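Have a look at the structure below, then the notes.
Quick note: the coordinates plus some simple rules give every number you see, no bench work behind them. Note that the structure is a prediction, hence the values are computed from the model and not measured. Here Cβ is always computed from backbone atoms with ideal geometry, including for glycine, and neighbour counts include all displayed protein chains.
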Amino acid sequence: MPAVPKKRASHARTARRNKANSRVELTGVTVCQKCGHLKRNHAKCIHCNAK
Ligand SMILES: [Zn+2]
């Protein structure tokens, strides 16, 4: 028997989960000081490096 949710998740619960997931995705990403594009922490900026 597959795992099926017994109750429909409320809008607030879904929004809270999506907000937490989006926060995880943004960790380790910062704005480049030179060009302003998003870049990975401790990694070369691909926009500055392309020139
Ligand atoms: Zn850059």
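Filter the stretch 2-18 down to residues that are part of a helix (DSSP H, G or I) and surrounded by 10 or more Cβ atoms within 10 Å (Cβ to Cβ), then give me how many there are.
Of the residues in the stretch 2-18, the ones part of a helix (DSSP H, G or I) are 11-18.
Add one more test, that the residue is surrounded by 10 or more Cβ atoms within 10 Å (Cβ to Cβ), and what stays is 13-18.
Matching residues across the stretch 2-18 total 6.
Of these, R40, R13, which one is within 16 Å of the ligand (Cβ to nearest atom) and basic (K, R)? Show your work before the answer.
Details: R13 fails: within 16 Å of the ligand (Cβ to nearest atom).
The unique qualifying residue is R40.
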